[in-house]
Amino acid sequence: MSESKSAGMFLFRPRSWRRVLRFAGFAIVAALSPSTYGAQAREVAVRQIYFTAWQILPGYTVAAALLSLLLIEVVAASARKYGIAQYSLELVLSVLVLELVPLMTALFVALRSGAAIGAEIALMSVRGELEDKEDAAASPLHAELVPRIASAALSVASLTTLGCVIAVLLTYLAFYGFTPAGLPEFTRIVSNVFDGLELTSFCLKCLLFGLAVAIIPAATGLEAERGVLKSLPAVVLGGLVKLFFAILVIEVASLMVKYA
């Protein structure tokens, strides 16, 4: 059976999704417990933040800036073409900050770190390292998995915040230039776009994106068979397939709730 077919099976197997949901419940509860973060767990968490957020910061910053400039130009030109230029700023903020930046961040981190997290945990499963920890009366969930998950979710949230700040700053500069004269109008429009309901929906979507990027590759990596190296490619690819599917479902559900 080819790797693509094996990865596709992970997407359509209910048992695999039940394992992900069960693992997500355990991981979230453990992540909220202060006792989880011992010295070893903190070291793992810091290392994961370094690989997930800090290393990709330059590339992410450039990508967020280019995406922002491209969308600002497209929306502004389209608005002028169809005679709705007065709504172009609000359209840019709604589409760029509320929709595209969180989606781009989730995909960016998924491609950069999702596969790495899944591969690392799958390799640990193949080598039996997680089972060995359990035999030694240690908790691999607390020592190895939860720190990685919490750090990956925090990285997604941090990068999303940075991307939104970049998008808002570039939007202001594109519409008003290097002058504070437009701040009162810009602040009023921003407050209208980011009202209570929109902000709540935005935060919830970012939280779900972060949890999906952090949990799904890790949970799928646990399905690798001990001592069977051939199971690694299918497990890692299957985790990415499920992750992209979950991101798509979250985005579609968000849009349905927002515009229904």
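In the Gaussian network model of the chain, springs joining C-alpha atoms below 10 Å, which of Ala76, Ala64, Ala246 carries the largest mean-square fluctuation? Comparing Ala76, Ala64, Ala246 in a Gaussian network model of the chain, the most mobile one is Ala76. For segment 148-218, the fraction of C-alpha pairs farther apart than 14 angstrom is 68 percent. Given the options Val193, Val109, Val156, which has the most mean-square fluctuation in a GNM of the chain, springs set between C-alpha atoms less than 10 angstrom apart? Maximum among the listed residues: Val193.
Seen against the Cα atoms of the chain and their longest principal axis, helix 3-12 is set at about 80 degrees.
Fewest Cβ neighbours within 10 Å first, please rank Val249, Val95 accordingly. Working shown, then result.
Working: Val249 12, Val95 15.
If I rank by nearby Cβ atoms, fewest first, I get Val249, Val95.
Mean-square fluctuations from a GNM of the chain, with a 10 angstrom spring cutoff on Cα atoms, peak among Gln86, Gln40, Gln48 at Gln86.
Within segment 4-101, list the trypsin sites (Lys or Arg not before Pro) lying in a DSSP loop whose Cβ has at most 15 other Cβ atoms in a 10 Å radius.
Working: sites: Lys5, Arg15, Arg18, Arg19, Arg22, Arg42, Arg47, Arg80, Lys81; in loops: none.
Hits after loop and neighbour filter: nothing returned.
Remark: the Phe175-Asn192 segment gains 4.4 nm on full extension, using 0.36 nm per residue and subtracting the alpha carbon distance.
At an R0 of 25 angstrom, the distance between the Cβ atoms of Glu185 and Ala85 translates into a FRET efficiency of 0.95.
In whole angstrom, how long is each semi-axis of the equivalent ellipsoid of the chain, when you take the square root of 5 times every eigenvalue of its Cα gyration tensor and sort them from largest down?
Values: eigenvalues 306, 75, 49 Å².
Output for the chain: semi-axes of 39, 19, 16 Å.
Peptide packing for 122-128, 239-245 was compared via the average number of neighbouring C-beta atoms within 10 Å per residue; ordered from the highest value, the list is 239-245, 122-128.
Give the order of Tyr87, Tyr82 when sorted by the count of other beta carbons within 10 angstrom, beginning with the fewest. Each step should come with its number before you reach the end.
Working: Tyr87 14, Tyr82 10.
Taking fewest neighbouring Cβ atoms as first place, the list is Tyr82, Tyr87.
For the chain, the longest principal axis of the alpha carbon atoms and the long axis of helix 231-259 meet at an angle near 30°.
Taking the chain as the region of interest, the number of lysine pairs whose Cα atoms are within less than 29 Å, with members eight or more places apart or on different chains, is 9.
Just so you know, all these numbers are worked out from the coordinates, no wet-lab data involved. Since the structure is predicted, the reported quantities are computational estimates derived from the model, not experimental observations. Glycine also receives a Cβ, built like all others from the backbone with ideal geometry; neighbour counts cover every protein chain displayed.
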